[in-house]
Every structure is written in structure tokens, then in C-alpha cells.
1. Go through region 141-156 and give me each residue that's in contact with a Phe, Trp or Tyr (Cβ under 8 Å, 6 or more places away or on another chain) and either surrounded by fewer than 17 Cβ atoms within 10 Å (Cβ to Cβ) or over 21 Å from Glu212 (Cα atoms) (or both).
2. Evaluate region 438-451: report whether one residue or more is open to solvent by 80 Å² or more (accessible area, probe 1.4 Å), at pLDDT 75 or above and in a helix (DSSP H, G or I).
3. So which of Ala317, Ala248 is away from ligand 2 (no atom under 13 Å from the Cβ), in a helix (DSSP H, G or I) and not assigned by TED's automatic domain parsing to the domain that holds Val63?
4. Let me spell it out: the conditions are (1) away from ligand 1 (no atom under 16 Å from the Cβ); (2) under 27 Å from Asn42 (Cβ atoms); (3) at pLDDT 95 or above, and Cys213 meets all of them except one. Which number is the exception?
5. Could you list, in sequence order, all residues of region 269-324 that are out of contact with any Ser or Thr (no Cβ under 8 Å at 6 or more places or on another chain) and of a type in the set (Gly, Ala, Ser)?
6. (1) surrounded by fewer than 19 Cβ atoms within 10 Å (Cβ to Cβ); (2) within 16 Å of ligand 1 (Cβ to nearest atom): which one isn't true of Ile77, the others all being true?
7. Filter region 401-427 down to the residues that are of a type in the set (Asp, Glu) and open to solvent by 80 Å² or more (accessible area, probe 1.4 Å), then identify the one that is farthest from Ala328 (Cα to Cα).
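The values are calculated or read from the model by the stated rules, or taken from the named source; none is laboratory data. The model shown is predicted, which means the values in this text are computed figures rather than measured ones. Positions of Cβ are generated from backbone atoms using ideal geometry, with glycine treated the same way; all protein chains shown enter the neighbour counts. Remember, those area values only see protein heavy atoms, side chains included, never the ligands or the DNA or RNA. Shrake-Rupley method; radii C 1.70, N 1.55, O 1.52, S 1.80 Å.
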Amino acid sequence: MVELKFYNTFSKKKEIFEPLRKDFVGIYSCGPTVYDYAHIGNLRSFVFADVLKRILSYNGYKVKHVMNITDVDDKIIKKSQKLGISRQELTRKYEQAFLENLKSLNVIMPDVMPRATEHIKEMVELIKKLMEKGYAYKSDDGIYYDVSKFKDYGKLAGLKLDKKKMRSRIRADEYGKEDIQDFALWKFYDAEDGGVFWETELGKGRPGWHIECSAMSMKYLGETFDIHTGGIDLVFPHHTNEIAQSEAATGKKFVRYWLHCEHLVMPEGKMSKSLGNIITLHDILEKGYNPIALRYLYLSAHYRSQLKFSYEKLKAASNTLERLYNIAAELKNDRAKIRSRIVEKWKKQFLEAINDDMDLPRALAVMWKMLRDENLSKGEKFSLLLDFDKVLGLDVESVAKEEIPAEIIKLVQEREEARARKDWETADRLREEIKAKGYWVDDTPEGPRVKKIKN
Ligand code: AMP
Ligand code: ZN
């Protein structure tokens, strides 16, 4: 047994993970705001959630993963107005692009991906409950959450309420720590919203950003659930407000473990739209990189450390991945007997790394060390590699499954025949022909080994 531990932002400690229900884990991840392409900083937080989920599955848990799509907020309304298109047209386009990004990065799709605009009813119910319980009040431009009513407000972010310093209310979805104020749950319609509204019992308007995640996480995972993830910038105000909303409404603990991923940064600071230093997955593809190289780069830094991005680092990750694929292709044909004792020893080392608050850099080091272990047969290495890749998600399996086309096999056979006749000239010519078609043939004591030449 190797204990599974996570650093919980709430307690600011590494804790042993114990799920609410035996063998089952519920995870909610704050998803994208679909008003533009995701950048590789955003994508870091989603690959982090994917690896977390894979670690839980590797430990034998059944996982239900929910990730929301924010398809209405201040930024979305502003951009769709600027482009003169509908909110829906804008958000569907970027939602689609986002899903494609996840697939390229070999992310296992969440089980549920609820859109905010399809859960207005649940949000209205939750806001009504907060009003009934005295945590929310109506003002002239919306319905607000009264932060002074919630005893532990700000605990997640380590903030203390100073009522004297507090100004009245904040309507914007995003704001900083200096603006601890009552925040909008429901925004009454105003002309600037350009036709985006819902007619509800609360009045004509639209939800504030924070309420969607309380409503949708509790709908799909229950009033108390195991793990909530997001980027570090969501600790305040978003997750702070989610706790206040949910716990005030239910009187129960909302989330047991809060996990936050640090930022991907550029030399000039955080990657963000406002700094204008965005890199998308599309940019990386255009430069000829395999998106899995970016995934490898993400794994090479611990999720609680900043990852300083540079193309040099991406290039290095890409070369390393290439090396791994070549090794995998070489190991895959060996189907030797697996000696379980020696294999289990390596599995344990790998498990110790991933279970120690997701220490992926260490897990990668274990993988490379295993591949260099002379006591392991090729078959054992390959089976371990496939096993580790359930967590790493580097798509080693597809390399292993790589089919060699019949045409190439025929050429290889012809070459073998030429070699048997000691017709070296023909053998060399055939090797060149095979190479020109993108394959490499190695002569080994067990016969020829063919692999695709990666470019
Ligand atoms: P958004 O689409 O802006 O709602 O952000 C989606 C996710 O990306 C959130 O969990 C953010 O915390 C996270 N995020 C934003 N910028 C970065 C960054 N530079 N590095 C890592 N995660 C980020
Ligand atoms: Zn959220």
C-alpha cells in the first residue's frame, strides 16, 4: 500500500486522500471561458486535472469528472458585441476548438461538461435559497451575496474580512484581493448586455460568474464532493465565493480537497490575454511540434511550481519524447515472460512518486531509470512503459500499435532474401528504398526490426 497524498489549498498541508465514498471519487474542474482560443497556460491547468484523474484511476478508484463550460460572462458579452455575432455563435466556436485542444493533448474527456447557460434554473434555485436564508439581498442592479454573513469568508485564500475597509458591492466577475466586497449572484439586465438575458423568478437578467460552479458541481457530484481543481488565480475570488455560496445554502462542507495548478509563465510574467503574450496550441502545431511534446513539458514541472515556458524547452521536450518513442518501438516486439517481482518493484517506485502530491518530474525520472535497468528484459520494460503511460498519457501505445504497411513488409522480406543470397548490393538498395518510404530497418540477431522514421 502506498498512501495517496495531495496538497490541499484549504489546509495548506499535504493530506492523505480519503474519498467520501469507498472506491469512488468525484472531481470538479473549473473549465474554460469560451470567448477565445485557450492558451497554453490555460491548457496546463486542464492537463493537470487530467493527470490527477489518471492517478486516481491508477490507484483503483472509479472517477466521475465534471468540467464546466463558461458560456456567459462579461468578457463573452463584450466580445460578441464587438464582433457583431450572437453569444451562442461565439461560444460554440471556441468550445469546439477547446475540445479539439484536449484531444490533441491526449486528455481523457470529462464525464460531464455542463454549459452554464443550460443550468440557469439550478442557479436561480440556489440564489433563491441564499435569499431565503438571509445570505443574499436585492439591490437596484442585481442580487448580491452578503459576504459579512458568512463566518469563514476568505479562509481558502487566507484573507481576513475587514468590514470597515469594505466598500459596498462589486458587479464585475473578476476582481482582486483589494476588492473584497459583496459580489453579484444575478445581474439585472441593462442595455450594455446587448440582448443577453433570461426571464426568471429573480427578474430579467443573467447570472454572475461564481454561481454557475456551485450550482453545477453540486448538481452532478452532490452537496459535498471530493476534489475541486483550477488554476491558482481562481483561489480568489472565484473559489472563495463558490465556498461561500455552497456552504451557506446547504450548511454542509462543500469540497474536501482543493487542488490548484500554478501558472505557466513567460519571461515577462504570467501568460494572459491582458499582457498580450498568448501562445496557443495552434501556434505550436504550426511550428511543427507534436502536441504531446507540450504535454511532456507540462509533466516535467511539478504542478505547484511555475512553469517557465520557452521554445528551447519545448524543443528539448520534443527530442526527449522522440527518444522515448524510438525506445518504445524497439521494445514492443519482444514478448518475453514477465517476472512479476522485478516489475512490481518498479511499479512501486512509480506509484510512490505519483502518490506524493503528483510528483510527475520524479515519476518521469523513475521511468527513464527503469528503461536503463539492465536486469529487465525488453518485454518487461515495454509492459512497464505501457503501465506508466496510463498516468503519463504520452500515447506510447499508439507508437507500439503502429502498423507497418504491407508494401514495406514486402520490401523487408525481399531484402532478407537478398541477404540470404549474400547479394549485398540488392540488400543495400532495398534498405535505401525502405528509408525513402519513411521506414528504418535494423538487423538484429532475432531478424530485421522495422520502425517508422519520425520527422
Ligand atoms: P479561463 O478560461 O480564463 O476561465 O481559465 C481557464 C483555466 O486556466 C483556469 O483554471 C485558470 O486558472 C487557468 N489559467 C489561466 N491562466 C493560466 C496560466 N498562465 N497558467 C496556468 N493556468 C492558467
Ligand atoms: Zn469555476
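1. If the condition is that a residue be in contact with a Phe, Trp or Tyr (Cβ under 8 Å, 6 or more places away or on another chain) and either surrounded by fewer than 17 Cβ atoms within 10 Å (Cβ to Cβ) or over 21 Å from Glu212 (Cα atoms) (or both), then Asp141, Lys149, Lys155 are the ones that fit.
2. no
3. Ala317
4. (1)
5. Passing the criteria: Gly269, Ser272, Ser274, Gly276, Gly288, Ser300, Ala301, Ser305, Ser310, Ala316, Ser318.
6. Among (1) surrounded by fewer than 19 Cβ atoms within 10 Å (Cβ to Cβ); (2) within 16 Å of ligand 1 (Cβ to nearest atom), Ile77 violates only (1).
7. Residues of region 401-427 of a type in the set (Asp, Glu): 402-403, 407, 414, 416-417, 423, 425.
This time we only want the ones that are open to solvent by 80 Å² or more (accessible area, probe 1.4 Å), so: 403, 407, 417, 425.
Values: Glu403: 14, Glu407: 23, Glu417: 28, Glu425: 31 Å.
The extreme case among them is Glu425.
This table checks each residue for (1) buried (at least 16 other Cβ atoms within 10 Å of the Cβ); (2) over 30 Å from Leu324 (Cα atoms); (3) of a type in the set (Ser, Thr, Tyr); (4) within 16 Å of ligand 2 (Cβ to nearest atom).
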position	(1), (2), (3), (4)
Gly231	yes, no, no, yes
Pro237	yes, yes, no, yes
Glu242	yes, yes, no, yes
Arg256	yes, yes, no, no
His260	yes, no, no, yes
Val265	yes, no, no, no
Ser274	no, yes, yes, no
Asn277	yes, yes, no, no
Lys287	no, no, no, no
